[in-house]
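Down below is the structure, laid out as structure tokens.
The values are calculated or read from the model by the stated rules, or taken from the named source; none is laboratory data. Nothing here was measured: the structure is a model prediction, and the numbers come from that model. Heads up, the Cβs are rebuilt from the backbone with ideal geometry, glycines too, and the neighbour counts pull from every protein chain shown. Side chains included, ligands, DNA and RNA excluded: accessible areas come from the protein's heavy atoms. Shrake-Rupley method; radii C 1.70, N 1.55, O 1.52, S 1.80 Å.
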Amino acid sequence: PYYQSILLKLLPVQLQFDELAEQVNLFAIMHPISYGVVIASGIVVLLLCFSAMVSGSEIAFFSLTSQKIALLQDDKNYPLIHNLLNNPRRLLATILISNTLVNLGIVIAGSYITQNLFEFTHHPMLSFVVEVVVITFLILLLGETMPKAYANQNAIKIAKLTAAPLSFLDKLFS
């Protein structure tokens, strides 16, 4: 009797949820989550982290003043940082190429997730809008804005952290 009274109270909520689900299905049909979607989601997370690192390094390296660079002279990464800063155009090119490739990977994986998770049969334009809005939001917020704000406050820390990966990318692209 007690459980029946709780179930009777929840029944209108369940009906409302079912109606909402039907309305959502008018726009898109959601497929079961596959291993491919899970793997692609992991790739997106990994690429967003890499995008954040590269974007943060841009602000970190180009905001290093001569006083901050002097503080780094005893650090083990100083030679790497010094070499990267000796050619700022090349450093910027490395950062921009890396970020472009990573963001392209995010877009491709995000598109794969959207196409394999949802079916927008009756509204194909909605698929495009969802992909563009969600992926752009993720890249701008998590891959650009937040890392740059953090790197602006922690330039030395980020420069030390990203010197080795950027040196590797610099050699890879040259």
Those residues that are open to solvent by less than 50 Å² (accessible area, probe 1.4 Å) and of a type in the set (A, V, I, L, M), I need them from segment 106-126; list them, please. Ile106, Ala109, Ile113, Leu117
Residue under question is Phe61, and the condition is that it be in a helix (DSSP H, G or I), surrounded by 10 or more Cβ atoms within 10 Å (Cβ to Cβ), of a type outside the set (Gly, Ala, Ser) and modelled with pLDDT under 90; does it hold? no
In segment 127-147, how many residues are open to solvent by 60 Å² or more (accessible area, probe 1.4 Å) and touching a residue at least 60 places away in the same chain (Cβ under 8 Å)? 2
Residue, surrounded by the most Cβ atoms within 10 Å (Cβ to Cβ), within segment 22-46, restricted to residues that are β-branched (Val, Ile, Thr) and modelled with pLDDT of 70 or more: Val44
Residues located in segment 92-150, provided they are aromatic (Phe, Trp, Tyr) and touching a His at 6+ places or on another chain (Cβ under 8 Å): Phe118
